[in-house]
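Just below is one structure, and these are the notes that go with it.
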Amino acid sequence: MSNSAANEVLKAEGLPMCPAVLAGLMQALKDPDTTISDLARLLSSDPSLTVKVLRVVNSAFYSLPRRIYSVEQACFRLGFREIWSLTVAAQMSSVYAETDTRWNHETLWDHVLKVALMARALAQRKRGMMPEELFTGGILHDIGKLALARHDPEGCAAIYGNGLHGRLAVAEERRRWNVGHDELGAALLRRWKIPEALAGLVERHHDENWGELLDRGAGILTVADGLVHAIVVDTPGGNGDLMRLEITDPAFSANLSRGLGLETADCVQMATEVMHDYTELVQHFK
């Protein structure tokens, strides 16, 4: 990628700006002295965002024994990082909604939420991983496509409407725009001053050597993306009743087994749970 190619796309009219609350959240993450009260104060500047976060916290996804009425309560119950990651997701759901990305049977937001949930589930199985960070990485991983959709909506429809994804889609993006959505997404996040750890996850989630990155977040994100694309459900919208996983790449299966100790049955179980969680959560982010 050349910087000029990324800059050309990032000049698109209507390109999402970093929301003020999101910028504050990212700054809060970098500051070790950030407190629960600081997070609550940030959220209070956007009441609709607070409502979204508390809707999710009080959903069946967490099944808490008592209703939570404040961000402070939520942080004490679930932890600062968990609420931080939910807040980023709630903020980004509005950003994704501003652009038409229904190229197939689902929107880009539908896809990234599923990937975020899958990445979270994978991270919970892998020692040394931070599930909250991988969830956030999943929410942000395709933000480069959002920029491309503002830059060239017809071109995006031509690529993604044909079902291209993964490195095949990146190759076509580079042919058409001289930049892939992975590199472009990282460039946008750096412009937004998102922590480098997250920008790096996004930049490498289609790395051709992803099998060597399974001890790092980028490899986990690649697996999460691949598994979500492999899910086949009984209805176009998907209601969580999993039919099968269509994994056609032998190298992908081999890396799952060797790098993560996951066999097909494990992946089917995880995918079933992810689709159930997605169905529960997606309604609360609207």
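The values are calculated or read from the model by the stated rules, or taken from the named source; none is laboratory data. On a predicted model such as this, the values are computed, not experimentally measured, just so you know. Reconstructed Cβ throughout: ideal geometry from the backbone, glycine too, with neighbour counts over all protein chains shown.
General remarks:
- Taken together, Leu134, Leu113, Leu122 contain a single residue that is surrounded by 24 or more Cβ atoms within 10 Å (Cβ to Cβ), in the same structural domain as Gly180 (by TED's automatic domain parsing), over 25 Å from Leu188 (Cα atoms) and not β-branched (Val, Ile, Thr), which is Leu122.
- So Ser4, is it surrounded by fewer than 17 Cβ atoms within 10 Å (Cβ to Cβ), of a type in the set (Gly, Ala, Ser) and either assigned to a helix (DSSP H, G or I) or in the same structural domain as Arg190 (by TED's automatic domain parsing) (or both): yes
- Helices (runs of 4 or more DSSP H) lying entirely in segment 120-216 (those with 1 or more residues that are of a type in the set (Lys, Arg), modelled with pLDDT under 95 and over 24 Å from Pro16 (Cα atoms)): 166-177
- Flag if Asn178 is in contact (Cβ under 8 Å) with a residue 60 or more places away in the chain and surrounded by fewer than 23 Cβ atoms within 10 Å (Cβ to Cβ): yes
- Some residue of segment 41-52 being under 30 Å from Ile159 (Cβ atoms) and in contact (Cβ under 8 Å) with a residue 24 or more places away in the chain: no
- Flag if Ile83 is free of Cβ contacts under 8 Å to residues at least 60 places away in the same chain, under 17 Å from the mean Cα position of the chain (by Cα) and assigned by TED's automatic domain parsing to the domain that holds Ala23: yes
- Test: residue in segment 37-45 that is assigned to a loop (DSSP other than H, G, I, E, B), in contact with an Asp or Glu (Cβ under 8 Å, 6 or more places away or on another chain), surrounded by 11 or more Cβ atoms within 10 Å (Cβ to Cβ) and hydroxyl-bearing (Ser, Thr, Tyr): no
- Test: residue in segment 99-108 that is in a helix (DSSP H, G or I), assigned by TED's automatic domain parsing to the domain that holds Trp192 and either surrounded by 20 or more Cβ atoms within 10 Å (Cβ to Cβ) or at pLDDT 95 or above (or both): yes
- The numbered conditions (1) aliphatic (A, V, I, L, M); (2) assigned to a loop (DSSP other than H, G, I, E, B); (3) farther than 16 Å from Ser94 by Cβ are all true for Met17 except (3).
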